[in-house]
1. Do you know which residues across the stretch 53-66 are surrounded by fewer than 19 Cβ atoms within 10 Å (Cβ to Cβ) and either at positive phi or assigned to a strand (DSSP E or B) (or both)?
2. Just wondering, is there one or more residues in the stretch 74-90 that are without any contact (Cβ under 8 Å) to a residue 40 or more places away in the chain, surrounded by 12 or more Cβ atoms within 10 Å (Cβ to Cβ), among the acidic types (Asp, Glu) and not in a strand (DSSP E or B)?
3. Just to be sure, is VAL24 in contact with a Cys (Cβ under 8 Å, 6 or more places away or on another chain), of a type in the set (A, V, I, L, M, F, W, C) and surrounded by 13 or more Cβ atoms within 10 Å (Cβ to Cβ)?
4. Return the only residue of GLU40, GLU10 being of a type in the set (Asp, Glu) and either in contact with a Pro (Cβ under 8 Å, 6 or more places away or on another chain) or crowded, with 18+ Cβ neighbours inside 10 Å (or both).
5. Out of everything in the stretch 9-35 that is outside any strand (DSSP E or B) and either free of Cβ contacts under 8 Å to residues at least 40 places away in the same chain or of a type in the set (Phe, Trp, Tyr) (or both), what residue ends up being farthest from THR82 (Cα to Cα)?
6. Specify the residue that is farthest from ASP12 (Cα to Cα); the eligible residues are those in the stretch 63-78 that are at pLDDT 90 or above and more than 10 Å from the chain's Cα centre (by Cα).
Amino acid sequence: MKLVKKRLEELDPGTPVFVDDVPVGEIRAVYAGGEGNLPEYLNVYCTSRGAEVLVAANEVLDVEDRGVILTGPIEAYRNVPTFDPASRVALRRLR
């Protein structure tokens, strides 16, 4: 898991995000909690919802050349609350 976390901190905004082979959005930012340097959350723009959501880093199944692969099922991400940065002041943007 540490290898994935190391790669997560190197993700650029715009990196595609998939569930299985279904494209679901793109990375907007990577966040750590507090003063830490390990990624804890990904800010993902969900194209089907037209909104940004916060996804926990432990929901990343893999990071491939094509992009980030999240654990499924895809339905799990349909009701994730919209990301409101003001409600998460303890997060620090890494990328």
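The values are calculated or read from the model by the stated rules, or taken from the named source; none is laboratory data. It should be emphasised that the depicted structure is a prediction, and the values quoted were computed from it without experimental measurement. Here the Cβ is made from the backbone with ideal geometry for all residues, glycine too, and neighbour counts use every protein chain on show.
1. Within the stretch 53-66, ALA56, LEU61, ASP62, VAL63, GLU64 qualify.
2. Among the residues of the stretch 74-90, not one is without any contact (Cβ under 8 Å) to a residue 40 or more places away in the chain, surrounded by 12 or more Cβ atoms within 10 Å (Cβ to Cβ), among the acidic types (Asp, Glu) and not in a strand (DSSP E or B), which makes the answer no.
3. yes
4. Sole residue among the options that is of a type in the set (Asp, Glu) and either in contact with a Pro (Cβ under 8 Å, 6 or more places away or on another chain) or crowded, with 18+ Cβ neighbours inside 10 Å (or both): GLU40.
5. Among residues in the stretch 9-35 that are outside any strand (DSSP E or B) and either free of Cβ contacts under 8 Å to residues at least 40 places away in the same chain or of a type in the set (Phe, Trp, Tyr) (or both), the one farthest from THR82 (Cα to Cα) is ASP21.
6. THR71
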